[in-house]
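Accompanying notes for the structure given below.
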Amino acid sequence: VGAVSVADAGREEVRDMFVAALGCNLAWGFVDAVMYLVRKVTDRGRRLTLFHSVRDAADAETGRKLIERSLSRTMAGLVSPTEIEAIRGRIVALPSVPPRPTLKRDDLLASVAIFLIVVVSTFPVVLPFVLIQDVSTAKNVSRAIALTMLFFGGLALGRYAGYGSWKAGLFMAWMGTAIVVTINALGG
């Protein structure tokens, strides 16, 4: 939306720009979906490497150290040596460990959902340019929709991350407003 110049944008130029923006969102949706799959297989690969290393360790102490090093600082402070040994024992007792990580059907479905979220989230912001003839008005309505989406996205993020949903929602809307002001100041 920040790339639309009201001064010299006709309906055709705006349409062309949003066709290009949709193409860009399709590309980024694809990239985000693929990167999600890369992250999933990498996380599973790290766990499998740990499992194999613990199972192949020369002795129990080496296995416990491998597990301790794999924990975050926070988790390491919460787990006792007895619990580390219990984890090591469960890993060693596993009947089998796959040789390499694989992706599952749910991973592929999640990546499709990510793709759709990225692409579909474009439409509410673009819709004013389709429905409103005056480019300046469409631009302002589009910005209001984008800020509203940021607020509700912030609510969900705040609830998920424990920040406080209203605080996060307002912060995201404030941040979006700052971005719009900056874009305007730069000529957008």
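One table, with the values for the structure above:
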item: Cα-centred dipole magnitude for segment 33-188, charges only on beta-carbon of K, R (+1) and D, E (-1), debye, nearest 20; result: 160 debye
item: Whichever lysines have a C-alpha closer than 19 Å to that of K167, once near sequence neighbours (fewer than 8 apart) are set aside; result: none
item: FRET E, pair L26, T102, Förster distance 30 Å, beta-carbon r, rounded to 0.05; result: 0.65
item: Charge dipole of the chain about the Cα centre (unit charges at C-beta), most positive-ward option of S80, P99, V141; result: S80
item: Euclidean distance of C-alpha centroids, segment 81-121 and segment 137-188, integer Å; result: 33 Å
item: Theoretical ellipticity at 222 nm over the chain - DSSP helices of four or more residues, -39500 (n - 2.57) apiece, nearest 500; result: -26500 deg cm²/dmol
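Here, each number is a calculation from the coordinates, and none is a lab measurement. Nothing here was measured: the structure is a model prediction, and the numbers come from that model. As a convention, Cβ positions derive from the backbone with ideal geometry for all residues, glycine included, and neighbour counts pool all protein chains shown.
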